[in-house]
Amino acid sequence: MRKNAVRPAGRRQGRISMLSLPMIALALCLFVINMAAHAAEAGSDAVTPTNLPRILVLATGGTIAGQADTRATGAYKSGQITGEQLVQSVPGLDKLARLSAEQISSIGSQDMNDKVWFALARRIQQAFDKDEADGIVVTHGTDTLEETAFFLDNVLKGDKPVVIVGSMRPATAVGADGPANLYEAIQVAADPRSRRHGVMAVLNDKIEGARSVTKTNTTSLETFNSPNAGPIGYVDTAGGIRFTAQASGLKRATYELPANEQLPRVEIVYSHANMDAVPIEDAIAHGAKGIVLAGVGDGNTSKQALDALELAAKKGIVVVRSTRVRSGFVTRNVEVDDDKNGFVVSEDLNPQKARVLAQLLIANGVTAPDKLQEAFRATW
Ligand code: ASP
């Protein structure tokens, strides 16, 4: 071609042009047909930078934003990298969504608190109400990730996807899991099929529901599980997203955030052999409005502890029996007479989530045992 292009003009060139005319016409036809086919194939699913979903990343800190600390091998500090830096560090995110990032806090989630929870909840609700985003991703430490997920799930209104994500290894570690987890979290948040599942946790290729997810291993990447319900879906960068049958069973009530920006004091009391009443008496003395028992077995505890709990319930303190056992439901009126004592059982909620729900219910004026029990009932 190039050789032809530099040939001097003349008869020979004219002859070639004459011969080429039908070929050029054919090539043009093929080009036009090809373009039309591509346009039809893309159809309404065409993804151009302007119609990619808008995902707002709200960063709170955690190991996903952690950096190595020279103190010791394997040592690191949580919450050192901003949300914006995190987003910029993961290749390919711009193909999934139009992203913006905001910093809500920069803490390890062992320091998670009501102030950050309220700021998160308000910002997410505002983003949805003002149609600023199609989905939200919250980056978070893994220690209390399940509590934040459950809190948000109980206060957010609307059906747009909210995904909470963390990592077990800091960005500077060999085999850091943060980038893949963040990529998959954005994948899920950007997918219209992720609506109506409440708040989801995405880590290690799985999508877990806010009510059921819990951290089950202190250090392993395979740590977030839903012991009673199983995952609501799977995600991988190549294979896409698959929701399981569990996903359709999720239903949730929403509660108002208290105007004073504070949740009432609810203590968790951990039961064990040789248990006495002291931790329960302490909780009462410190003004607890509710006590969650992390009971042995089916939410049991010693005779002394039970007597103290009965006394607490008589004083109007909300008493919820949960369990320190990792899976299973706590059932009413088996070894403990809940009806007589005015207790509530947490069903499938572990103590840390039972605490969150008790706080929200008390803050919303729900304190009668039957109403509380109704609100604790699992919907599946
Ligand atoms: N302590 C850290 C945190 O929860 C652990 C982690 O993120 O994995 O913030």
One residue from Thr237, Thr218, Thr244 being among the hydroxyl-bearing types (Ser, Thr, Tyr), over 30 Å from Leu96 (Cα atoms) and open to solvent by 40 Å² or more (accessible area, probe 1.4 Å)
Thr218
What do you reckon, is Glu184 open to solvent by 60 Å² or more (accessible area, probe 1.4 Å) and not aromatic (Phe, Trp, Tyr)?
no
Among Asp177, Asp153, the single one that is more than 15 Å from the ligand (Cβ to nearest atom) and of a type outside the set (Gly, Ala, Ser) is Asp153
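Here's the yes/no breakdown for (1) within 16 Å of the ligand (Cβ to nearest atom); (2) surrounded by 22 or more Cβ atoms within 10 Å (Cβ to Cβ); (3) touching a residue at least 40 places away in the same chain (Cβ under 8 Å); (4) within 12 Å of Val57 (Cα to Cα):
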residue: Ser89; (1), (2), (3), (4): no, no, yes, no
residue: Ala101; (1), (2), (3), (4): no, no, yes, yes
residue: Ser109; (1), (2), (3), (4): yes, yes, yes, no
residue: Val137; (1), (2), (3), (4): yes, yes, yes, yes
residue: Ala149; (1), (2), (3), (4): yes, yes, yes, no
Which pairs turn up if I take residues in segment 156-185 that are outside any helix (DSSP H, G or I) and look for partners that are aromatic (Phe, Trp, Tyr) with beta carbon separation below 8 Å, at least 6 apart in sequence or on another chain?
Leu156/Phe128; Lys157/Phe128; Gly158/Phe128; Lys160/Phe128; Pro170/Tyr76; Thr172/Tyr76; Ala173/Tyr76
Of all residues in segment 332-380, how many are part of a helix (DSSP H, G or I) and within 27 Å of Gln262 (Cβ to Cβ)?
21
Across segment 118-135, what is the total count of residues that are part of a helix (DSSP H, G or I) and either more than 16 Å from the ligand (Cβ to nearest atom) or among the small types (Gly, Ala, Ser) (or both)?
11
If you scan segment 111-123, which residues turn out to be open to solvent by less than 50 Å² (accessible area, probe 1.4 Å) and either farther than 14 Å from Gly83 by Cβ or in contact with a Cys (Cβ under 6 Å, 6 or more places away or on another chain) (or both)?
Met112, Asp114, Trp117, Phe118, Ala121
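For (1) modelled with pLDDT under 50; (2) more than 40 Å from the chain's Cα centre (by Cα); (3) surrounded by fewer than 11 Cβ atoms within 10 Å (Cβ to Cβ), each residue gets a yes or a no:
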site	(1), (2), (3)
Leu19	yes, yes, yes
Leu26	yes, yes, yes
Asp45	yes, no, yes
Thr50	no, no, yes
Leu58	no, no, no
Gly61	no, no, no
Leu86	no, no, no
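The values are calculated or read from the model by the stated rules, or taken from the named source; none is laboratory data. The shown structure was predicted, so the numbers you read here are calculated from the model rather than taken from an experiment. Reconstructed Cβ throughout: ideal geometry from the backbone, glycine too, with neighbour counts over all protein chains shown. When the accessible area is computed, the model is the full protein with side chains, heavy atoms only, and any ligands, DNA or RNA have been set aside. Shrake-Rupley method; radii C 1.70, N 1.55, O 1.52, S 1.80 Å.
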